[in-house]
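Enquirer: Okay, here's the structure, questions in a sec.
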Amino acid sequence: MFAEAAAALLALFVPATPADTGQRALAQACQGKDGWSDPAPPARIHDRTYYVGTCGITVLLIATPSGHVLIDGATEKAAPGILANIRKLGFKPEDVKLILSTHEHDDHVGGLAALKATTGATVVARAPARAALESGRVDADDPQAAIASRFPGVKVDRIVADGEVVRVGKHSFTAHATPGHTTGGTSWSWRSCEGGKCLALVFADSLNAVSADSYRFSAHPPRVAMFRASFAKVAALDCGLLITGHPGGSGLFERFAGKRKLVDGSACRAYAAGAAKRLDDRLASEAKR
């Protein structure tokens, strides 16, 4: 008990060195795996921010002396592993005060109900995501509505607006409305300081124009406009270290393995540009049908 408490205290106040972050071990453990529920070991990303998700879905823990924050919850099946990872790091799930949601699809929020039940945390999302989160069913106008899986509904305790800041003690997290993939899509940013250097960390929501086969983005101009606005918003963010809901979306494990730069001020612009090209390609493909 004492050893666990000491480890947690040390983790809060002593920045990890590259050798002990667990990043390379995580990258190695998930090599060739990207299943949404494939278990993965935890790792420190930067200062108080930790990866506690699966090989295929990012879930973050930001541990602060005033209480902890989770971003996303992966799948229902993944929830026990997320809780186990929090404990492996020496923290208590019961100290999680906030759960921030990115978007209302089962691979990212299927575990929220179980995580909330264990932690008692306040679930935070934007208003357009509320109905889907609480019902466990995506909106009828979701591009993936025809193929989306149900998930356990979870009560949304706090609604945030675009640009609104939520706080735990001295630590603040800003919500950025980035709809398109879903109407409730939300990206989150916060400051992280380690070794006397501070960075803006961004958990950018999915910007991919993915849909059921029967859906045509060209027949839904408002949806396309949502995407365009979100591309511009993400590209303009102060973005020292980019994290995405699917690790592969930003090459996160490659960066953990040292194959690419982990800290890259141009990453959000590149992420948005790649998504914009994929949407353009999709629209061009639809025009040929």
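Every number here is computed from the coordinates shown, using simple stated rules; none is lab data. Computed from a prediction, not measured in an experiment: that's the story for all the values here. Backbone-built Cβ (ideal geometry, glycine too); neighbour counts: all protein chains shown.
Enquirer: Students often get this wrong: which residues of segment 101-126 have the backbone nitrogen under 11 Å from the point 7 angstrom along Cα-to-C-beta of Glu164?
Expert: Hits in segment 101-126 for Glu164 at 11 Å: 124-126.
Enquirer: If you don't mind, another one. Ratio of Rg to Rh for segment 174-289, alpha carbon only, Kirkwood? Intermediate values should be presented prior to the final figure.
Expert: Numbers: Rg = 15.3 Å, Rh = 14.9 Å.
My calculation puts Rg/Rh at 1.02.
Enquirer: If we restrict to alpha carbons, what Rg and Dmax does segment 93-197 come to, in Å?
Expert: 14.3, 49
Enquirer: Below 18 Å, Cα to Cα, which aspartates and glutamates can Lys97 reach? Residues fewer than 8 away in the same chain don't count.
Expert: Filter leaves Asp72, Asp157, Glu164.
Enquirer: Per the Kirkwood definition applied to all pairs of different Cα atoms, how many angstroms is the hydrodynamic radius of segment 2-287?
Expert: 18.9 Å
Enquirer: Another question, if that's okay. Sort the following peptides by mean Cβ neighbour count (other Cβ atoms within 10 Å, averaged over residues), highest first: 236-243, 209-216, 47-54. Walk me through the numbers before you get to the answer.
Expert: Details: 236-243: 20.5, 209-216: 14.2, 47-54: 25.1.
Per-residue Cβ counts within 10 Å, averaged per peptide and sorted highest first, yield 47-54, 236-243, 209-216.
Enquirer: Please report how far the C-alpha centroid of segment 210-231 lies from that of segment 25-88, rounded to the nearest whole angstrom.
Expert: 30 Å
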